[in-house]
Amino acid sequence: MAGRILLVEDDPQIADYIRSGLAEEGFTVDHAGNGRDGLFLATDSQFDVVVLDRMLPGMDGLALLKAMRAAEMATPVIMLSALASTDDRIAGLTAGADDYLGKPFSFGELLARIQALLRRASGAVRQVQDTTLRCADLELDRLTRQVRRGTRKIALQPREFRLLEYMLMHAGEVVTRTMLLEAVWDYHFDPGTNVIDVHISRLRRKIDDGEEQTLFHTVRGAGYRLAAD
């Protein structure tokens, strides 16, 4: 799912780190070291995602972003910033950012967020048409909203149902925290809470407790996986 990325970052070390990492993943990366050059590139060429530092020389990231949106440019934007308070995130999202990632950050999370934006933009998120989703003896009926593990009926809260539905749609795959935040909670930034851990733990107990076969698996440093292994 490679594409063309515009990186607007004035710190050479961070810029090189991001640019080399994205290049290894098959992305084409254009780089601007200040806000004015970044705005020129953003308005002069087509990009799939813009990775935008908030504090820039010449023109700061918020001003650049507002200029893009004023020009009716819908290119997805991830804002990077050492300013990571809730108010700072709200300011970035209100200005038109699609996501907001605080510094310091891991490249893996940045990559996951870029890929999530690309999936949203292209409409490439896999849609499962079957009304019943299954993994081993676990079944979820999307019409009746009933869940069973073998002959055992499992009562779920609405958010738990959405979480399990998404995990079943991606059964066998590693699902990252970023993917869950976007798909289940409709968050496009990390709220800085353990909401995912709490819901996964609760859902794991309802699905796996008392069963010989464990379906919920934690993939250390990556996310979670629902699989019969």
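Regarding residue 175, is this residue closer than 23 Å to residue 136 by Cβ, of a type in the set (A, V, I, L, M, F, W, C), in contact with a Gly (Cβ under 8 Å, 6 or more places away or on another chain) and buried (at least 16 other Cβ atoms within 10 Å of the Cβ)? In short, yes. Hey, does region 19-34 have a residue that's among the hydrophobic types (A, V, I, L, M, F, W, C), in a loop (DSSP other than H, G, I, E, B) and exposed (fewer than 15 other Cβ atoms within 10 Å of the Cβ)? No, the conditions are met nowhere in region 19-34.
One residue stands out in region 48-59 among those that are over 21 Å from residue 113 (Cβ atoms) and of a type outside the set (Gly, Ala, Ser): the one that is most open to solvent (accessible area, probe 1.4 Å), namely 57.
Are any residues in region 175-191 closer than 18 Å to residue 118 by Cα and of a type outside the set (Asp, Glu), and if so, which ones? Result: 175, 176, 177, 178, 179, 180, 181, 183, 184, 187, 188, 189. Restricting 183, 155 to those that are small (Gly, Ala, Ser) and within 28 Å of residue 95 (Cβ to Cβ) reduces the list to 183. Please specify each residue of region 184-229 satisfying the condition of being in a loop (DSSP other than H, G, I, E, B), of a type in the set (D, E, K, R) and over 23 Å from residue 109 (Cβ atoms). Selection gives 209, 211, 212, 229. Within region 74-119, the residues that satisfy the criterion of being farther than 19 Å from residue 17 by Cβ and loosely packed, with under 15 Cβ neighbours inside 10 Å are 74, 85, 86, 87, 90, 94. In region 75-102, the qualifying residues are those that are modelled with pLDDT under 85 and assigned to a loop (DSSP other than H, G, I, E, B), and the one that is nearest to the chain's Cα centre (by Cα) is 84.
Among the residues here, residue 125 does not qualify as modelled with pLDDT of 90 or more and touching a helix residue (DSSP H, G or I) at 6+ places or on another chain (Cβ under 8 Å). Of a type in the set (S, T, N, Q) and open to solvent by 10 Å² or more (accessible area, probe 1.4 Å), is that true of residue 45? When the stated conditions are applied, residue 45 passes them.
The values are calculated or read from the model by the stated rules, or taken from the named source; none is laboratory data. All values derive from a computational prediction rather than experimental measurement. Reconstructed Cβ throughout: ideal geometry from the backbone, glycine too, with neighbour counts over all protein chains shown. Ligands, DNA and RNA are stripped out before the accessible areas are found, and what is left, the full protein with its side chains, is counted by its heavy atoms. Shrake-Rupley method; radii C 1.70, N 1.55, O 1.52, S 1.80 Å.
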